Amino acid sequence: MRTSLTTLQKMVENNEKIAVLTCYDATFATILENSGVDVLLVGDSLGNVLQGENTTLSVTLDDMIYHTRCVAQGTDKALIITDMPFGTYQTSPEQAFKNACKIIAAGAHMVKIEGGHIMTDTIQFLSQRGIPVCAHIGLTPQSIHQLGGYKLQGNSEKSAKLILDDAKSLEKSGANMLVMELIPAKLAKKITQTLSIPTIGIGAGNNCSGQVLVLHDMLGLFQGKKPRFIKDFMADAQSIQAAVENYVAAVKTGQFPSTEHQF
Ligand code: KIV
């Protein structure tokens, strides 16, 4: 049976951790879901890992639709979330709805959008029209030029409060899930305790409802200096399937991320 929003909500109620990985094609989609990954994220990180760009800013709606179709072909169990790329949802709720429909038609079950309270009208608009939404706060790569680099967010009392307030308003507006990227573990824990929707962390400590990593990073394909929150699961595995199974087991048992991977 396909993982649904209801399944994920039940996992939260039962304290079962949600294992998420990014995925961009059918072959990996089959391997990942057969290894126990609950949710596949067709992330706009494909701009970095597939297209070789330094940012996600040049990824297009057509790119996301193409890769969503590829992933959908390879799965029948995992829930598929697709990123709405930069510039395809920020203009108005109507623009977001029009483009989200194309992503859902390509096979996604939920769309992901970056941003805090500024996105609440858009989330409400999508949600009221039957489109599940995952919000994304903390380090939001589409705002990289404004943020001034890939660095920890919410590390002062004031900025932590803003992020917590954003999380509350996103849930209130109808978000079904929340990705929290590069924030202190203590803040992610507080948000997870405050909200009732699933929270998925990346560089946000292990007190989240689940974890996500970029597939290429967890397979040890990271180029350059490895950021602290990434673990190379291929290092101790004989095959890609074994590495992914080890990731799923480490997330489900709460062993990943350990203190060495959090802030
Ligand atoms: O695009 C992506 O892969 C993401 C994850 C890093 C959460 O948004």
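Numbers at a glance
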| read-out | value |
| --- | --- |
| Residue identified as among the aliphatic types (A, V, I, L, M), closer than 26 Å to T27 by Cβ and over 17 Å from the mean Cα position of the chain (by Cα) among L164, L61, L79 | L61 |
| Filtered residue count, the range 67-79, keeping only those that are in contact with a strand residue (DSSP E or B) (Cβ under 9 Å, 6 or more places away or on another chain) and either within 13 Å of the ligand (Cβ to nearest atom) or assigned to a helix (DSSP H, G or I) (or both) | 5 |
| Search result, residues across the range 189-207 that are assigned to a loop (DSSP other than H, G, I, E, B) and either within 16 Å of the ligand (Cβ to nearest atom) or buried (at least 20 other Cβ atoms within 10 Å of the Cβ) (or both) | L195, I197, P198, G203, A204, G205, N206 |
| Filter pass, S45 being within 15 Å of the ligand (Cβ to nearest atom), within 22 Å of I18 (Cβ to Cβ), among the polar types (S, T, N, Q) and modelled with pLDDT of 95 or more | yes |
| Pair list, Cβ under 9 Å, 6 or more apart: the range 121-133 residue closer than 17 Å to V179 by Cα, other residue among the basic types (K, R) | V133/K112 |
| Extreme residue, surrounded by the most Cβ atoms within 10 Å (Cβ to Cβ), among residues of the range 134-156 that are assigned to a helix (DSSP H, G or I) and within 16 Å of the ligand (Cβ to nearest atom) | Q142 |
| Within the range 209-227, tally of residues that are of a type in the set (A, V, I, L, M, F, W, C), touching a residue at least 60 places away in the same chain (Cβ under 8 Å) and part of a loop (DSSP other than H, G, I, E, B) | 2 |
| Some residue of the range 79-87 being within 26 Å of G224 (Cβ to Cβ) and not aromatic (F, W, Y) | yes |
| Residues being farther than 12 Å from C208 by Cβ and not in a helix (DSSP H, G or I) - total across the range 247-261 | 3 |
| Filter result (surrounded by fewer than 12 Cβ atoms within 10 Å (Cβ to Cβ) and farther than 19 Å from F256 by Cβ) within the range 3-26 | T6, K10, E13, N14 |
| Subset tally (residues that are outside any helix (DSSP H, G or I) and either without any contact (Cβ under 8 Å) to a residue 12 or more places away in the chain or within 16 Å of the ligand (Cβ to nearest atom) (or both)) for the range 157-176 | 2 |
| Residues satisfying the stated conditions in the range 43-62, i.e. surrounded by fewer than 18 Cβ atoms within 10 Å (Cβ to Cβ) and assigned to a loop (DSSP other than H, G, I, E, B) | L50, Q51, G52, E53, N54, T55, L57, S58, T60 |
| The range 96-116 - residue that is more than 14 Å from A175 (Cβ to Cβ) and of a type in the set (G, A, S) and, of those, farthest from the ligand (Cβ to nearest atom) | A105 |
| Some residue of the range 177-188 being charged (D, E, K, R) and either within 15 Å of the ligand (Cβ to nearest atom) or touching a residue at least 60 places away in the same chain (Cβ under 8 Å) (or both) | yes |
| Test result for A29, hydrophobic (A, V, I, L, M, F, W, C) and in contact with a Ser or Thr (Cβ under 6 Å, 6 or more places away or on another chain) | yes |
| Hey, C101 on the phi < 0 side of the Ramachandran plot, more than 16 Å from the chain's Cα centre (by Cα) and crowded, with 18+ Cβ neighbours inside 10 Å or not | no |
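The values are calculated or read from the model by the stated rules, or taken from the named source; none is laboratory data. Since the structure is predicted, the reported quantities are computational estimates derived from the model, not experimental observations. All Cβ positions, even for glycine, are placed from backbone atoms using ideal geometry, and neighbour counts span all protein chains on display.
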